[in-house]
Structure formats: C-alpha cells, structure tokens
Ligand code: BG6
C-alpha cells in the first residue's frame with residue numbers, strides 16, 4: 001500500500017483524555033470535572049450543548065467517566081501494552097480538578113500531582129514521550145458554579161496558575177504540551193468544550209465568543225509560561241479539523257465552505273498568527289457582538305503564539321446552500337455535514353475520507369507554515385469478541401492504513417508532521433455518546449455501556465498490525 005518510510009524520529013503512538021480513561025473520579029482528593037456530570041443516553045447531547053438543568057449528579061443516571069476504564073489504577077499494565085506495540089509517544093491530558101479540586105485552592109493537591117509524576121515516569125521507563133493536553137473537555141465544576149466557567153475573565157488567571165504549576169512540576173518529564181483540546185468545540189458543544197451553561201433568552205453567540213476570547217488569552221499565557229519555565233519544550237494548539245468541501249462548484253457553496261472552515265480557523269488564526277483575523281472582526285460587527293478585551297490582550301496574543309498545530313482528523317465535511325441537499329445531513333464529530341455521495345460512513349455516521357486527511361494537512365500547513373502534530377485519528381466501531389476470544393477488526397485496520405498512507409503523501413508534499421497519535425489506542429468512553437461500544441482501540445476493554453464487565457484487556461488484530469507499522473517506520477501498512 002505504501003513504500004514510504006517515515007522519518008526515524010516520527011512520534012508514533014496513541015492519544016487518551018483523562019476523563020475518558022482514568023475513572024477514579026473523586027479519588028485522592030480530585031474535585032468534580034464537567035464530564036463527571038455527563039450521563040450516557042439521550043440527555044447527554046443536550047447537556048453538552050449547554051442546556052444543563054442542574055450541576056448536581058442524579059442517582060438515577062449512569063455517568064461513564066466515574067470509572068471509565070480505570071486507567072488510574074491500571075496504567076502500568078496498559079503502558080506495557082503500548083510499549084509492546086513500540087509507541088514513541090502517548091498523548092494524555094491532566095485533569096485540572098485533580099490538581100486544583102475547586103480550581104482556586106491555595107495549594108495544589110499533592111496526590112493529584114504525584115499521580116501524573118508516576119504516570120510520566122512509567123512512560124519514560126518504556127521510552128515513551130508524554131504529550132500532554134492541559135484541558136481536554138475539562139473544567140472543575142466548582143468554577144462553573146461560582147463563575148459560570150469561561151464566560152468569566154477570572155478563569156484566565158486560574159488557568160494560568162494551573163498551567164504554571166504543572167509546567168514547573170513536570171519540566172523535566174514533559175516536552176510536548178497542548179493548551180485546549182479541540183478549542184473550536186466551544187462553538188458546537190459549549191458545555192463540553194468550555195463548561196458554558198445557558199439560560200433561556202441569553203445571547204449564546206455573545207457568550208461563546210467572549211468565552212473563546214478568554215480561552216485564547218489563557219492559551220497565550222500558557223504558551224508564555226511554558227516557554228519561560230521549560231525553554232526546550234514545544235507547546236501547540238489543538239483543532240478539531242476536517243476541511244469543508246462545497247457540495248457543488250456554485251460559488252455560493254464554495255463561499256459557504258470557506259466560511260465554515262473559518263469558523264474553526266478563527267481560533268487557530270489567533271493562536272498561531274497572534275491576532276484576530278479581519279473576517280472575525282466583521283463577524284463580530286455583523287452579529288452585534290461586543291467582545292470585551294483588556295488593553296494588554298492584543299500584545300499577549302501577538303507575542304505568545306504556538307510552536308505547532310495539533311489537530312484531530314476523523315472526517316471531511318461537506319456543505320451546501322441548496323435547501324434540498326441539506327435535507328440529507330450526517331453527523332461526524334458533531335460538526336453538521338451534508339452527506340457526501342462519494343464517501344462511506346461509519347456506523348455512527350462519520351464520513352470516511354482518507355484523501356481528506358491529506359487535503360486538511362496540506363491546507364493547515366499552507367496556512368500556518370508550522371509543524372503539524374496529528375494528535376487524533378481513528379475509527380469508532382462496535383467490536384465483537386469471537387468465541388475464541390479474538391477481535392478481528394479488519395475495518396479499523398483498513399481505515400487506519402488508508403489514512404496513514406495519505407499522511408505519508410502529505411509528508412512527501414512537504415508538510416512537516418511531528419507525529420501521529422491515533423485516538424483511543426485502548427478502548428475508552430466515547431466523548432460524544434458516552435458509550436463504551438464505540439471503540440477505537442488496538443486493545444479491547446471488557447466493559448459495556450452500562451458499566452458491566454471485568455475490565456480485562458484483550459489485544460485486537462489491529463494491535464499486531466500497528467506494532468508492525470511502527471516497527472517498519474510506516475513502510476508496512
Ligand atoms: C474528539 C475528542 O472530538 O473525538 C475526543 O477530542 C473524542 O475526546 C474523539 O473521544 C472521538 O469522538 P467520540 O465521540 O467517538 O468519542
């Protein structure tokens with residue numbers, strides 16, 4: 001499939017998020033995180049969008065993050081399996097509420113800090129680089145209750161304190177950082193992305209873009225702190241990527257595709273180029289949005305831009321201005337998209353488009369001229385364990401093979417790519433649905449949507465395949 005040999009120092013690996021893997025949601029002093037309030041089932045989507053009836057947990061609900069896959073207690077065993085596949089990097093996130101349980105504690109929680117010390121030590125023992133996200137859909141619930149989360153400027157300083165604390169503590173152990181996971185998710189699932197809760201009649205756009213400004217300033221301050229505290233580290237942003245295609249060559253469709261892409265690029269333009277683009281200023285004006293900015297903000301954004309562009313890619317997206325065409329929508333990492341007649345979909349409606357991966361990578365590199373880091377990509381599927389105890393996930397191998405081949409093409413196009421950490425190398429809780437049955441892993445975890453199962457780990461067919469990919473530097477796909 002490919003004769004392309006990836007560079008020897010390419011960071012092959014996998015990616016996880018604290019709230020989808022760790023469990024132990026109140027252990028060792030951890031405070032509640034926003035995801036701990038997300039149940040499985042019907043209600044989840046509404047809450048993620050910001051329709052949050054209450055910030056307390058209900059006994060009648062099942063909250064999958066509370067135990068997740070118990071990575072908190074089993075990470076040694078799991079990391080040994082990642083090492084067996086030859087991982088060079090593991091992307092994880094730090095749960096902010098493990099370090100600052102209320103978000104504004106006078107001193108950080110030592111037990112939380114120690115957990116990540118041990119985790120990073122374990123990774124280094126196996127020669128695996130930690131790649132760490134500061135906030136992966138993660139705000140301490142106490143800050144949502146007290147300040148309304150990122151709608152308040154107060155969060156900027158609290159996040160900066162958190163970032164400085166972990167940079168200082170892990171300065172010798174972590175050299176790759178990211179600020180906010182899929183920062184553009186704030187516009188699509190604002191509670192999940194930024195802890196935003198809306199009251200009836202509120203101007204949602206105004207609140208979202210004000211919160212976005214706060215996150216962008218906080219991100220720049222984290223970049224500043226990282227560069228000062230760990231001069232040899234690299235810190236990036238993280239975009240939920242996947243370019244929009246116009247459904248036809250009608251200029252109206254083409255223009256709409258450009259606008260849709262800009263909805264996401266908006267964030268990265270600020271984080272990478274250091275200022276609000278002209279189209280954003282026009283958008284604010286046209287929509288009557290008044291974003292409060294402090295006098296020093298422009299300089300902070302300008303002077304502390306990211307070192308690399310981290311992104312997730314699952315699907316391309318398609319858009320149309322034709323009301324008939326838009327009747328045929330599909331999901332796909334929650335970004336609404338018109339169904340693309342040329343492409344297949346996963347069981348969850350996510351479009352499968354390997355070529356779109358190459359297109360997206362090229363576009364991002366053309367736009368920012370900075371190294372890219374593919375920090376998520378993968379195929380969510382309902383795997384079945386055979387009576388012999390095997391998981392023959394050929395469909396996953398097929399998806400990954402075709403995407404990695406296109407990544408190789410992008411590298412040959414001149415796109416700089418630091419590494420590739422596929423999503424959920426071990427099965428974890430799905431962010432969008434809360435299900436366990438939407439699995440991405442090379443390692444199966446015996447746990448179902450209701451929380452039943454032994455949590456036993458089983459190597460899937462893709463485990464052996466990915467191992468071979470890494471060992472051959474991407475040549476044997
Ligand atoms: C990304 C997120 O949106 O996609 C992850 O950063 C998430 O947290 C991943 O898990 C896959 O989405 P899902 O909904 O299938 O888990």
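The values are calculated or read from the model by the stated rules, or taken from the named source; none is laboratory data. Predicted, not measured: the structure shown is a model, and the values here were computed from it. Counting neighbours? That spans all protein chains shown, and the Cβs are built from the backbone with ideal geometry, glycine included.
Numbers at a glance
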{"item": "Number of the condition not met by residue 330 [criteria: (1) within 16 Å of the ligand (Cβ to nearest atom); (2) modelled with pLDDT of 95 or more; (3) more than 27 Å from residue 176 (Cα to Cα)]", "result": "(2)"}
{"item": "Test: residue in region 21-41 that is touching a strand residue (DSSP E or B) at 6+ places or on another chain (Cβ under 6 Å) and surrounded by 14 or more Cβ atoms within 10 Å (Cβ to Cβ)", "result": "yes"}
{"item": "Flag for residue 227 being away from the ligand (no atom under 16 Å from the Cβ), in contact (Cβ under 8 Å) with a residue 40 or more places away in the chain and surrounded by fewer than 21 Cβ atoms within 10 Å (Cβ to Cβ)", "result": "yes"}
{"item": "Residue under evaluation residue 41, criteria (1) modelled with pLDDT under 95; (2) out of contact with any helix residue (DSSP H, G or I) (no Cβ under 9 Å at 6 or more places or on another chain); (3) more than 16 Å from the ligand (Cβ to nearest atom), criterion not met", "result": "(3)"}
{"item": "Region 349-366, subset crowded, with 19+ Cβ neighbours inside 10 Å and assigned to a loop (DSSP other than H, G, I, E, B), residue farthest from the ligand (Cβ to nearest atom)", "result": "353"}
{"item": "Among (1) in a helix (DSSP H, G or I); (2) away from the ligand (no atom under 16 Å from the Cβ); (3) within 15 Å of residue 431 (Cα to Cα) - the single one residue 72 does not satisfy", "result": "(3)"}
{"item": "Residue among 200, 275 that alone is over 20 Å from the mean Cα position of the chain (by Cα), outside any helix (DSSP H, G or I) and modelled with pLDDT under 95", "result": "200"}
{"item": "Selection count where residues are in contact with a strand residue (DSSP E or B) (Cβ under 9 Å, 6 or more places away or on another chain) and either over 16 Å from residue 15 (Cα atoms) or in a loop (DSSP other than H, G, I, E, B) (or both), scope region 463-477", "result": "3"}
{"item": "Any hit, region 392-399, residues being surrounded by 16 or more Cβ atoms within 10 Å (Cβ to Cβ), over 17 Å from the mean Cα position of the chain (by Cα), touching a residue at least 60 places away in the same chain (Cβ under 8 Å) and more than 16 Å from the ligand (Cβ to nearest atom)", "result": "yes"}
{"item": "Residues that are assigned to a strand (DSSP E or B) and crowded, with 17+ Cβ neighbours inside 10 Å, drawn from region 288-339", "result": "308, 309, 310, 311, 312, 313, 317, 318, 319, 330, 337, 338"}
{"item": "Test: residue in region 422-429 that is part of a loop (DSSP other than H, G, I, E, B), buried (at least 22 other Cβ atoms within 10 Å of the Cβ) and on the phi > 0 side of the Ramachandran plot", "result": "yes"}
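Yes or no, residue by residue, for (1) within 16 Å of the ligand (Cβ to nearest atom); (2) buried (at least 24 other Cβ atoms within 10 Å of the Cβ); (3) farther than 21 Å from residue 17 by Cβ:
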{"position": "140", "(1), (2), (3)": "no, yes, no"}
{"position": "148", "(1), (2), (3)": "no, no, yes"}
{"position": "163", "(1), (2), (3)": "no, yes, no"}
{"position": "173", "(1), (2), (3)": "no, no, no"}
{"position": "178", "(1), (2), (3)": "yes, yes, no"}
{"position": "188", "(1), (2), (3)": "yes, no, no"}
